Amino acid sequence: MKRKKVNKKNECLECGENPEDRASGGMYKHKKYDVKLAKEYCEDEGDTDHKLTPIWKKCCGALDYYSVEILKFERMR
């Protein structure tokens, strides 16, 4: 696993993500507990109509956003 690139202020050199700016420290792909939380959130909030997937930043591994894929779409009449 690739370690994140940081400067002396603990910021990512590519995107500027800093865990100290967030109250809880942010979520990162290299932390097993954070990956588990993201996966559980996707399983709990997803249903038969849509699927959630966590998207992690490639530079530092921080959680960027959740992707929503619509699986089934019915037209309203």
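The values are calculated or read from the model by the stated rules, or taken from the named source; none is laboratory data. Please read all numbers here as calculations on a predicted model, not as lab measurements. Note: ideal-geometry Cβ built from the backbone for every residue, glycine included; neighbour counts use all protein chains shown.
Scanning the range 9-58 for residues being under 22 Å from Ile70 (Cβ atoms) and part of a helix (DSSP H, G or I) gives a total of 8. Evaluate the range 41-60: report whether one residue or more is touching a residue at least 40 places away in the same chain (Cβ under 8 Å), surrounded by 11 or more Cβ atoms within 10 Å (Cβ to Cβ) and not basic (Lys, Arg). Scanning the range 41-60 turns up at least one residue that is touching a residue at least 40 places away in the same chain (Cβ under 8 Å), surrounded by 11 or more Cβ atoms within 10 Å (Cβ to Cβ) and not basic (Lys, Arg).
Every residue, every condition in (1) modelled with pLDDT of 85 or more; (2) on the phi > 0 side of the Ramachandran plot; (3) polar (S, T, N, Q), yes or no:
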{"site": "Lys5", "(1), (2), (3)": "no, no, no"}
{"site": "Tyr28", "(1), (2), (3)": "yes, no, no"}
{"site": "Leu52", "(1), (2), (3)": "yes, no, no"}
{"site": "Gly61", "(1), (2), (3)": "yes, yes, no"}
{"site": "Asp64", "(1), (2), (3)": "yes, no, no"}
{"site": "Glu74", "(1), (2), (3)": "no, no, no"}
